[in-house]
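This report refers to the structure that appears directly beneath it.
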Amino acid sequence: MSRKVRQFCAQHQLRALRQICSRALAARCAAGYNSLVSSVAPSNAKTSIRVKALLFGGLKEVAGRAEESVELAPGSRIEDLFAHFISRCPELSRYRGSLVASRNQEFAAWNTPLESGDEIAFLPPVSGG
């Protein structure tokens, strides 16, 4: 076979493959293929946030760690972060009434919304003089 014939056959095969693939894709779309795919959030929408949690005093002893990186849903609050720890270690709930929380080294209310990259510290009361 001459070079021109081989080149023509290769181009013809490529064109035929493209048509077959286009038809197959069109058939899948018409059959509702995309309805089987879960909706995808826009690329600028966050599906989760990651915060650093610090545990002090008795909290550290009960939880078995002083710090942890935690992934939460966007819109989560400090209260939700502490609930995350309680779900894994229910004994922590007895500390809730006496704790204060800080967000990025400033005292914060329990309903303060969290942002990715925040550092949250849970501080039990300190006694002594």
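Just so you know, all these numbers are worked out from the coordinates, no wet-lab data involved. Because the structure is predicted, anything quoted here is derived from the model rather than measured. For neighbour counting, all protein chains shown are included, and Cβ atoms are generated from backbone atoms with ideal geometry for every residue, glycine included.
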Can you compute the modelled spin-label distance between Trp110 and Glu71, with each label point 7 Å from Cα toward Cβ, in nm?
2.7 nm
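Counting other beta carbons within 10 Å of each residue's own, what order do Leu55, Leu81 fall into, fewest first? It would help to have the intermediate numbers written out before the result.
Values: Leu55 25, Leu81 20.
Neighbour counts put them in this order, fewest first: Leu81, Leu55.
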Could I have the simple spin-label model distance between Glu61 and Glu91, label points 7 Å from Cα toward Cβ, reported in nm to one decimal?
1.0 nm
Let me check I've understood the local charge: for Ile78, count other residues with C-beta under 10 angstrom from its C-beta, Lys and Arg +1, Asp and Glu -1. What total comes out?
-1
